[in-house]
Amino acid sequence: MPGVPAAGTLRVDMKRERGGPKGERILFLVSAHNSLSQRAWVALTELGHDVAVAVVDCDMEMEAAVARHEPALIVCPFVKRMIPESIWSRHRCLVVHPGPIGDRGPSSLDWAIELGAHTWGVTVLEANGEFDAGRVWATREFRMRDVGKSSIYRHEVRHAATEALLEAIARIVAKGCPPNALAGGAAVGGARPLMRQAVRAIDWQSDSTDAVLRKIRAAEGHPGVLDEVKGDAFHLFGAHRECALRGRSGEIVATRAGAICRATCDGAVWITHLKRQDMPTRTHFKLPATRALALAGIDLDVPEIGCAIDATIPERDTYREIAYREHAGVGYLRFDFYNGAMSTEQCMQLRDAYAHACAQAQTGVVVLLGGADYFSNGIHLNVIEAADDPAAESWRNLVAINDLVRDIVETESHLVVSALAGDAAAGGVPLALAADMVVAREDVVLNPYYQHMGGLYGSEYWTYLLPRRVGPEIAGRLTSAPFTPLGAHRAARIGVLDAVFGATLADFDDQTRALAQRLANEPGLTQQLADKHRRRRHDERLKPLEAYRRQELARSRECFFGADARYHEARRRFVYKLPQAVAPAHPALRAA
């Protein structure tokens, strides 16, 4: 369940948040308040700047937002439209371009992946009358990873963009100029064109596995690679290499956990998600591949080939959502669900995997790893929307994730550590907080609320797990309008997290393993487990865990089955990426 709010404009009272003076008055103009703009918002507000966010679709909305907020500086972390002259001629506007100096155009990362760039960059430049061609205020470079565009954006681009924005704004606040190394002003070089489907097209008879992976990864997130599957047009997403299965080029040879395995001329790839091509009279949305095919009336006469969670297969040799391994007295349970969404079946499978991890007597610590991009975003809104009865499926999904959270809370055999390499939102936050210790990578952003989704109350024992860490007052602020993102460092300061470390995924993984091994090999582990049991018994006497569950589910049941249909309407608009019909009572942000 995605954790970005639903619509409108946000302003935060910095005096309330920081207890100090306000900094610059900054306005974010964004096409969506996505992971990059949220991380930049967190960084700037923590420095004391007064930041408003306006989600805008047209020149008129941009002009209205500028007139309403009267900013000293405008920042555009993610905007798909040209800033009109009526704004940039009167206000300094910084634009984040996900490419190095000299790169221009709307498909920057797509081309970087398609052309096999080893390094790439981010440029912060000043808006003028031409796309990506203004004065350069800051830039950063980074090494590319062999992953999809969305993952590069959520990690390397986001980190580099935040650093570059902070540098550029610091120069502007100090009344400085662009750095001498970038003097001359403008980003030079021809603009790359929008990458169209003709470039992305896969020739299954001649394209190698590497080429297929590269094409799908260059289109990850949006727009996907348009292709034909069993005579129907679909956009392809979520590509993974398969090193053992083979078949005739282009044929689907197997399924696994909702994904399809398709043969290439020299191997095979797993494709996890499909989106049927939109028609003039109907739009579609991303779904697990086998579900999308079933809804299109396409039957697959191929085997479901599972993969044991503890099979000793290198991570890049096949596809599996859940994997378990052990080392030095620690069990590591990785669950990497696409976009962090967890369907009913995925919750059940993860619950079984967790039971397996806790049944291992040779370990004393279990680490919940989540995925590189997301730890969890809670229930799976897209799968719910595609169900015959979305209300009933919402209920099944919430009950299933509750069962998993309860098992973690009631674990007596192990210390449990949640390690957040990626973001968490909605039900994914209490899922993490169910553990005994919660650590996160430095750039992680949390969105610990539900009510932006049409007033959904939510469950996952959040009314127990969040207040036990931060108290009821702060818990109330974190889960109520205006629904602001929570950065990792502030989350640690107020007690949501126990520790924050690691600038990169590799650093975070290394330090998490070191921490877990120390915990597993400490002489006092037995005492720590005893203390944990005592605290749980004390909490149970004060208010049974089942009471929290009943109360939360009763409120959520009303959202699913009651007369108020706001949750269903908000979910539908989120899934189909529609604008919110009516502005909410409190300032909030449109979902990305």
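Observations on the model:
- Simple label model, 7 Å out from Cα along Cβ direction - ILE474 to ALA201, nm: 5.7
- GluC sites (Glu not before Pro) lying in DSSP loop within the stretch 359-426, provided at most 12 other Cβ fall within 10 Å: GLU410, GLU412
- Whichever lysines have a C-alpha closer than 17 Å to that of LYS230, once near sequence neighbours (fewer than 8 apart) are set aside: LYS275
- Signed unit charges on C-beta, dipole axis of the stretch 394-500, positive-most listed residue VAL416, MET437, PRO482: PRO482
- The stretch 252-294: relative contact order in percent, alpha carbon pairs under 8 Å with at least 6 residues between: 32
- Å² per residue, accessible surface of the chain at 1.4 Å: 41
- Phi-based couplings in Hz for the stretch 242-258 (Karplus 6.51, -1.76, 1.60; Gly and Pro marked x): 10, 9, 10, 6, 9, x, 6, 3, x, 7, 7, 10, 6, 10, 7, 6, x
- In Hz, Karplus ³J(HN,Hα) per residue of the stretch 99-108 (6.51, -1.76, 1.60; θ = phi - 60°; x = Gly, Pro): x, x, 4, x, 8, 9, x, x, 10, 4
- Listed residue pairs exceeding 24 Å between alpha carbons, taken from LYS80/LYS286; LYS215/LYS286; LYS80/LYS149; LYS80/LYS175: LYS80/LYS175
- Within the stretch 301-398, antiparallel bridges make up roughly 55 percent of the DSSP beta bridges whose residues both belong there.
- Cα gyration tensor shape for the stretch 89-156, rounded if a/c is under 1.5, else prolate or oblate: prolate
- Seen through its C-alpha gyration tensor, with square-root eigenvalues sorted a ≥ b ≥ c, the stretch 454-592 comes out oblate because a/c lies at 1.5 or above while a/b is not bigger than b/c.
- Of all DSSP beta bridges in the chain, antiparallel share, percent nearest 5: 60
- Close amide H pairs (under 5 Å, H built 1.01 Å from N) link ALA254 with CYS261, residues at least 5 positions away or on another chain.
- From most to least packed by mean Cβ count within 10 Å, the peptides 520-529, 151-160, 496-505 give 151-160, 496-505, 520-529.
- Just the protein heavy atoms count here, and of the accessible area of the chain at 1.4 Å, carbon and sulfur take up 51 percent.
- For the stretch 191-313, the square roots a ≥ b ≥ c of the C-alpha gyration tensor eigenvalues yield an a/c of 1.5 or more together with a/b not exceeding b/c, which makes the shape oblate.
- Dipole magnitude for the chain: about 1260 debye, using +1 per Lys or Arg Cβ and -1 per Asp or Glu Cβ, origin at the Cα centre.
- Of all DSSP beta bridges in the stretch 385-544, antiparallel share, percent nearest 5: 20
- LYS230 paired with GLU412, simple spin-label distance in nm, labels 7 Å along Cα-to-beta-carbon: 4.8
- Helical contribution to [θ] at 222 nm, DSSP H n ≥ 4, -39,500 (n - 2.57), averaged over the chain, rounded to 500: -10500 deg cm²/dmol
- In the set (1) 65, 64, 53; (2) 121, 74, 56; (3) 133, 68, 55, the label that goes with Cα extents along the principal axes in Å computed for this structure is (1).
- Nonlocal amide H pairs with ALA233, under 5 Å, H built at 1.01 Å: GLN277
- Residue ranges 333-339, 46-52 sort as 333-339, 46-52 when ordered by packing (mean number of other C-beta atoms within 10 Å per residue, highest first).
- Highest mean packing first, where packing is the average number of other Cβ atoms within 10 Å per residue, the peptides 362-369, 228-235 line up as 362-369, 228-235.
- Mean separation of Cα contacts under 8 Å (6+ apart) over length of the chain, as relative contact order %: 14
The values are calculated or read from the model by the stated rules, or taken from the named source; none is laboratory data. What you are looking at is a predicted structure, and each value in this text was computed from that prediction instead of being measured. Positions of Cβ are generated from backbone atoms using ideal geometry, with glycine treated the same way; all protein chains shown enter the neighbour counts. With ligands, DNA and RNA removed, areas are computed over all heavy atoms of the protein, side chains included. Shrake-Rupley method; radii C 1.70, N 1.55, O 1.52, S 1.80 Å.
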